[in-house]
Amino acid sequence: MNASQPIGIFDSGIGGTSIFKEVQELLPLEHIIYLADSKNAPYGEKTKQEIQRLSFKNTELLVKMGCKLVIVACNTATTNAIKELRAHYSVPIIGIEPAIKPAALNSKKKTIGILATKGTLSSELFTKTAGLFTKDIHTIEVVGKGLVEAIEEGKENTKETFLLLKELLQPMLAKGIDYLVLGCSHYPYLIPQLKKILPAGVTIIDSGEAVARQTKNVLKEAELLSPKKEKDPVFYTNKDPLILSYFVNRDQKAYQVSYLDF
């Protein structure tokens, strides 16, 4: 393995592009390959066995593409498959989990909301993490049913999505949360809508920056940080490239987005 090899990122669709942006901002010299498994989105409603099968399929492809490190930019895939992936592959594998710890430690009201997929909230890893940090915290967990599908269709800013979010957040608003943990990499794209619904005192927190920092630390320790910019990032999707292109190029970028049958 050498420093010029790419970083691989996969998600159950376009959500992990929110993680990609954090990683690229912190590590601008790295070449990144992104896989959007949109054909199989969302992962959150699938069985653990199916989530693991898809996670292995995606990781295998990134390893074959020569990636020196793989980021599982999907909370559901991380909480259901990270242990098995790490046991099978020799490349470093970074996962993403809901940022429960900082929310629990900083909550003044001792009441936090967690918006995530069914697959994440019902996972063993989530239960273990939540148990460690929320002993004295009242947590309101809500399954974001329908949100991933809306974002995958590019409907994150529509009135329909706003009304769906408003309905989903009602139990949290009723309990007076002061932190909202976004437990899915798709959900940061909903922050403009969330800010219209949540009271001003509620802090929205996600895991993107923490994943980027961990990626840098792991590469630095292994002496695999790229010394110079080799290539622009490339993006592959097994569904409509136009949706993925919309999310990665919305800041006037011109990244290559291609269809790949995987």
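The values are calculated or read from the model by the stated rules, or taken from the named source; none is laboratory data. In this text the structure is predicted, and so the values were computed from the model without any measurement. Please note: Cβ atoms are built from the backbone with ideal geometry, for glycine as well, and neighbour counts cover all protein chains shown. Quick note on the areas: whole protein, heavy atoms, side chains included, nothing else; ligands and nucleic acids left out. Shrake-Rupley method; radii C 1.70, N 1.55, O 1.52, S 1.80 Å.
Results, tabulated for the structure shown:
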| read-out | value |
| --- | --- |
| For the stretch 82-228, radius of gyration divided by Kirkwood radius, i.e. Rg to Rh on alpha-carbons | 1.01 |
| Charge sum, other residues only, whose C-beta stays under 12 Å from Asp206's C-beta, Lys/Arg counted +1 and Asp/Glu -1 | -2 |
| Cα lying deepest toward the dipole's positive end in the chain, options Ala77, Val63, Ser123, charges on Cβ | Ser123 |
| The chain: relative contact order as a whole-number percent, Cα under 8 Å and 6+ apart | 28 percent |
| Cα pair distances of the stretch 171-262 binned at 10 Å [whole percent] | 13, 27, 33, 21, 6, 0 |
| In the stretch 52-158, GluC sites (Glu not before Pro) in a DSSP loop with at most 14 other beta-carbon atoms within 10 Å | Glu153 |
| Extension reserve of the Thr127-Lys57 stretch, reckoned as 0.36 nm per residue once the Cα distance is removed | 22.6 nm |
| Where labels lie 7 Å past Cα in the beta-carbon direction, separation of Asn157 and Gln170 in nm | 2.8 nm |
| Residues of the stretch 213-255 with amide N under 13 Å of the 7 Å Cα→Cβ point at Glu25 | 213 |
| Whole-Å distance, taken between Cα centres, linking the stretch 4-48 and the stretch 187-242 | 8 Å |
| Sorted peptide list for 125-134, 176-185, 28-37, criterion being average Cβ within 10 angstrom, highest first | 176-185, 28-37, 125-134 |
| Separation in nanometres of the label points that stand 7 Å from Cα toward Cβ, at Lys83 and Lys231 | 3.6 nm |
| Computed FRET value (nearest 0.05) for Asn106 with Gln252, which takes r as the C-beta separation and R₀ as 35 Å | 0.50 |
| The chain, accessible area per residue, ligands and nucleic acids excluded (1.4 Å, Å²) | 46 Å² |
